Structures are given as structure tokens and as C-alpha cells.
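*Asks:* Below is a structure I'd like to ask you about.
Each value in this text was obtained by applying a stated rule to the coordinates, not by laboratory testing. As the structure is a computational prediction, the values presented were derived from the model and not from experiment. Note: ideal-geometry Cβ built from the backbone for every residue, glycine included; neighbour counts use all protein chains shown.
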Amino acid sequence: MAPALSFEQAPPISVPYRFFLAAPCFGVLAGLLLAWSGGDALASRWAPQTLALVHLIALGFMLQAMGGALLQFIPVAVGGNVWRPRLVAAIVQPLLLMATLLLVAGWVFGNTAAFAAAVPLFVLAVGGLVAVVGDALWRTPASGMTLWTMRLASGGLAVTVVLGCLLAETLAHGLALPFVMLTDVHLAWGLGGWALMLLAGVSYHVVPMFQLTQPYPLWFARGFGPLLLALLLAWSGRLAIGDGAWSEAVAAGLWICASAYAAITLWLQHTRRRQVHDTTSRCFLAAMLSLLGLAAAGSAALMWPDVAADPRSAVSMGVLAFGGMFVSAITGMMYKILPFLNWLHLQRLGAPMSAVPNMKQMIPVAAMAGQFRLHVAAVALVLAAVWLPALARPAGIALAASFAWLGWNLLGAGRRYRAARVRILASVAVVRARAGQG
Amino acid sequence: MTTVIDGRRMEPPEPLERTLQALDELAEGDDLLLLLHCQPHPLYTLLEQRGCEWSDVLRADGTREVRISRQRG
């Protein structure tokens, strides 16, 4: 018999929900910040408003959503036991929330003390999350490339946050560190070593399962994580030995590696035998096209110095990476994960299968499709606003509206879960009472 | 007799639903073969609750074969 695995010890459904419901709130804040700042927030990657905007998305939206997903995904997908998930979530999530707001306040209000205050909170929140997630990932009896890639991603998160804390301390106390190079390495680990690594590892599991594709080719699943890790380590070598022609070769390797993941995912979607045109598939399509666009822009910046010198290049690449790619993919995941978790947790209440609502009833299809269209329009507007600053304020409003709609859809899934749970528990109680009388 | 459920082209949770339904109708000595592209960890707990035995094998084409039977005695 296979080893006993652990859904019984999986977190209560409130754990992923608290992260998933907080995430869109930060997206709304990011949209409002853009609407308030106007074109200044898209003029350069170094503008304080731009850095605040990026971290509202990277930490507020992405890390909240990915952290919550990890705590639930590990038991369900790779059979790992997360230590005291309710307690971990109750500590990590508010710490992360406060740390993100402090960091953003540091840029928006020019308050360096806020950076210093954010650092210990990040160390506690992310340190706790990485320790608990790492423990569960290393002790699970399961195997497979999803598991290995998630292990690499949790290490990538730790490196990203250590580098980020060094940068925050530099801003707060003026440490003598190579700020620009350290920022580039921090960005590469955050986007590549953490977010892309995790997205790829989770994709190996959920893309075939939810989008009904063939599995990722084994050679790719085995090679992608280690290759990405090796390239990131080489990229980090810039800190020790400085830049050279080799660092451009490493950057090109990173773009090729990321493009391969996007191209294979698109190929799997294109060649599936049963075509599924749901919102999750469309979210992934948008995410992978954005990643290819990002890789093309990154390669252009490597080949033509004039492109790299234009500050708008880096900003437009950021819009593609954060808005086009990760927000799209995470939204698509949340639209599958929450209904599936609703179904799974309702299934465990002991009612007949017919009493559990269909997964497709958890979030209305039209609401998901409408929100996705608004998200794509918002990202396109933000991208256009990089070149036409007059569009920045309407783009910010569209972005805020899109995240608010996402939050409303996820809240609706929570309301439907609670209503179904009350109904099922009542019917189970009636059946048991009748059995007792008999 | 072996009942085969090919869940590779089904959207979750349909493979789980079909497996649990088929288990209810499984005759003594028969078994179930579930084909998937992933390891169904949530199903394993539900199988354990129902007193079933199972084994899984990963085929070279990436298909996961889960063979399920009722525990004897």
C-alpha cells in the first residue's frame, strides 16, 4: 500500500482563504497608487512610486496568494504535512501585511524609518513561511519534479528576501553596498528563483490536471529548475566579480530558459485533445504570451544598447512580468484552486456526493470571464501609459477595478462554500437523528 | 474483473467522483484502475477512510496508474 498521506492534516479552508482574500486588496491599492501618481509612476524603474507599485503587486498580491496557495497545495498535491497551518497563517499573514505596508509607506512618504521597521517583520514572516514550507517539502514521502521545483522555489524566496532586506537596510542606514547590481540580483531571484520557479513547479501538476493537456516532457521538467538555478547563481556572480560579456550571456540564457517554459506550456495547450476554453486557460495563455513578450524585450535590450538605455524599456518589462504574466497566472490558478478546495472540503463532511455543489457553481463563469477581460484591458492600458503618460490615471483606475472584481469573485466563492456547508451539515444531522430514532 | 477509469481527459473533480462511485459498486475480488496525469493525494485519504488498498505506478508516458481494491477481511 502507498504511504499514508495527509489530507486529514491539511489546513482548514480558512487558511488559503485569508491569504487569497487579502491579495486583491493590495492589487486595488496598486491601482489607486497609479491613479494618484499618474505618469510619474511609470517614468523610471527607480521612481519611489514605481518601487511602491511593484512591491504592492510582488509582496501584497503575489506573495500573499502564493504563500496561501503553498500552505494548501503542499498537502493536497505533494502529500506534505504543514506544521500547525492555522497558527502559521495567523502569524505570517498579518506580519507580511504590515511589512508590505511599511515598505510601501517608506517609498510613498519618503520615510526611511519605515524601511528599517519593515525588515524584521519580513524576516519573521518569510523566515517562518520558508521554515514551515521547507520542512513539509523535505519530509513528504512523495516524489516528482513538482516537489523538487517547489523546494528550489522556497530557497529562491529566502534568497530574494535576504537581498531585499539588505537593500531596505541600505535605504534606511546608507550601507555601502553596490545598490544597482544588488537590486538586479534581487529582482532576478524574486522573479526567476521564486515566482517563475514556483509557477513552473505548480504548472507541472495543475496544467495537465485542470487544462487537460499532456504532461510536461520529462526532460523539460527535470532540467528547467536546475538550469534556472545555475543561471541565477551565475547571475549573482556579478556581485563578486563584476560585469562582463559573460553576464550578458547569462542574461540571454535566463531569457531562453524562461521562454522555453512559456513555449512548452503554449504547445501543451495547443495540442490538447479536448479543448477547454475556460478562464484559467485564457489566464495562462495571457501569462505565457506576456512571458514571451518579456523575453523578447529583454533580449532586445541585450542586443541594442539604445533600447536598454531608455528607462521606459525596463518599466514596460516590469508591466509584462508583474501584470501580464504573474497576476494573470495567479488569477487563473485561484479560479481553479478555490472552487476545487470548496468541493474537497464539502466532500469530507460526509454527505452523499449529490449534495455537494458542482465545482463550476462556486464562481459564476461569466464573472470570471468578465474580470479576466478587464484585467487584460487594464494591463494593456498600463503598458500603453508607459509611452503615453496621459493614460496612467485611467489605467490605474482600470487596474483597481479589475482587482476589486477579482476580490468580489473570490469572496463569492467563500459565501457559497459557507452556505453549502451549513446546508450539508444540517442534512447530515437530520439523517443521523433519524438513524438514532430507528 | 478490473474496471478502468481513464481520468486523463476529465476535469477535476470528475475522476475522484467516478472513482468513489465505482468503489461503491465494486464486487468482491474486483479492482479499479484509475489513469491520471498526476498523483491524486486527496483521493488516497478518502480511500483510506473507506478501507481500500491501492498502489500507484508512473508509466514512461507520464501516466499515473492507480490500482485500487477493497481490503480483505
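*Asks:* Could you tell me whether A:ALA258 is under 23 Å from A:TRP194 (Cβ atoms) and surrounded by 20 or more Cβ atoms within 10 Å (Cβ to Cβ)?
*Replies:* yes
*Asks:* Residue by residue through segment A:85-100, note down the ones that are surrounded by fewer than 19 Cβ atoms within 10 Å (Cβ to Cβ) and touching a residue at least 40 places away in the same chain (Cβ under 8 Å).
*Replies:* Once the filter is applied, which keeps residues that are surrounded by fewer than 19 Cβ atoms within 10 Å (Cβ to Cβ) and touching a residue at least 40 places away in the same chain (Cβ under 8 Å), segment A:85-100 yields only A:ARG86.
*Asks:* Among the residues in segment B:42-62, are any under 10 Å from the mean Cα position of the chain (by Cα), more than 10 Å from chain A (Cβ to nearest Cβ) and not in a loop (DSSP other than H, G, I, E, B)?
*Replies:* no
*Asks:* Same structure again: Under the condition of being in a loop (DSSP other than H, G, I, E, B) and exposed (fewer than 13 other Cβ atoms within 10 Å of the Cβ), which residue from segment A:269-293 is nearest to the chain's Cα centre (by Cα)?
*Replies:* Restricting to residues being in a loop (DSSP other than H, G, I, E, B) and exposed (fewer than 13 other Cβ atoms within 10 Å of the Cβ), the top hit is A:HIS277.
*Asks:* Can you name every residue in segment B:1-22 that is surrounded by fewer than 18 Cβ atoms within 10 Å (Cβ to Cβ) and more than 8 Å from chain A (Cβ to nearest Cβ)?
*Replies:* B:MET1, B:THR2, B:THR3, B:VAL4, B:ASP6, B:GLU14, B:ARG18, B:ALA22
*Asks:* Does segment B:31-40 contain any residue that is part of a helix (DSSP H, G or I), surrounded by 14 or more Cβ atoms within 10 Å (Cβ to Cβ) and at the interface with another protein chain (Cβ under 9 Å from one of its Cβ atoms)?
*Replies:* Among the residues of segment B:31-40, not one is part of a helix (DSSP H, G or I), surrounded by 14 or more Cβ atoms within 10 Å (Cβ to Cβ) and at the interface with another protein chain (Cβ under 9 Å from one of its Cβ atoms), which makes the answer no.
*Asks:* Further question: Return yes when A:VAL82 is within 14 Å of another protein chain (Cβ to nearest Cβ), in contact (Cβ under 8 Å) with a residue 24 or more places away in the chain, aliphatic (A, V, I, L, M) and outside any helix (DSSP H, G or I) and no when it is not.
*Replies:* Values: within 14 Å of another protein chain (Cβ to nearest Cβ): yes; in contact (Cβ under 8 Å) with a residue 24 or more places away in the chain: yes; aliphatic (A, V, I, L, M): yes; outside any helix (DSSP H, G or I): yes.
Judged against the criteria, A:VAL82 is a match.
*Asks:* Out of the residues in segment A:232-277 that are among the aromatic types (Phe, Trp, Tyr) and touching a residue at least 24 places away in the same chain (Cβ under 8 Å), state the one that is nearest to A:LEU157 (Cα to Cα). Please lay out each step first, then the result.
*Replies:* First, pick out the residues of segment A:232-277 that are among the aromatic types (Phe, Trp, Tyr): A:235, A:246, A:255, A:261, A:267.
Keeping just the survivors that are touching a residue at least 24 places away in the same chain (Cβ under 8 Å) gives A:235, A:255, A:261.
Working: A:TRP235: 16, A:TRP255: 20, A:TYR261: 20 Å.
Here the answer is A:TRP235.
*Asks:* Does A:LEU266 satisfy the condition of being part of a helix (DSSP H, G or I), over 23 Å from the mean Cα position of the chain (by Cα) and of a type in the set (A, V, I, L, M)?
*Replies:* no
Here's the yes/no breakdown for (1) part of a helix (DSSP H, G or I); (2) free of Cβ contacts under 8 Å to residues at least 60 places away in the same chain; (3) within 14 Å of chain B (Cβ to nearest Cβ):
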site	(1), (2), (3)
A:LEU175	no, yes, no
A:VAL185	yes, yes, no
A:ALA200	yes, no, no
A:SER203	yes, no, yes
A:TRP219	yes, yes, yes
A:ALA230	yes, yes, no
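*Asks:* Still on this structure, I have one more. State which residue is surrounded by the most Cβ atoms within 10 Å (Cβ to Cβ) when the search covers only segment A:344-367 and only residues that are part of a helix (DSSP H, G or I) and in contact with a Leu (Cβ under 9 Å, 6 or more places away or on another chain).
*Replies:* Quick first cut of segment A:344-367, residues part of a helix (DSSP H, G or I) only: A:344-347, A:353-355, A:359-361, A:365-367.
From the residues that got through so far, the ones that are in contact with a Leu (Cβ under 9 Å, 6 or more places away or on another chain) too are A:344, A:347, A:353, A:355.
Working: A:LEU344: 22, A:GLN347: 19, A:MET353: 13, A:ALA355: 15.
The residue in question is A:LEU344.
*Asks:* With the requirement that a residue be crowded, with 20+ Cβ neighbours inside 10 Å and either in contact with a Leu (Cβ under 8 Å, 6 or more places away or on another chain) or within 14 Å of chain B (Cβ to nearest Cβ) (or both), what does segment A:101-120 give you?
*Replies:* A:LEU102, A:LEU103, A:VAL104, A:GLY106, A:TRP107, A:ALA114, A:PHE115, A:ALA118
*Asks:* Okay, next question. Inside segment B:38-62, can you point out the residues that are over 16 Å from A:VAL78 (Cβ atoms) and either of a type in the set (S, T, N, Q) or in contact with a Cys (Cβ under 7 Å, 6 or more places away or on another chain) (or both)?
*Replies:* Scanning segment B:38-62 gives B:GLN49, B:SER55.
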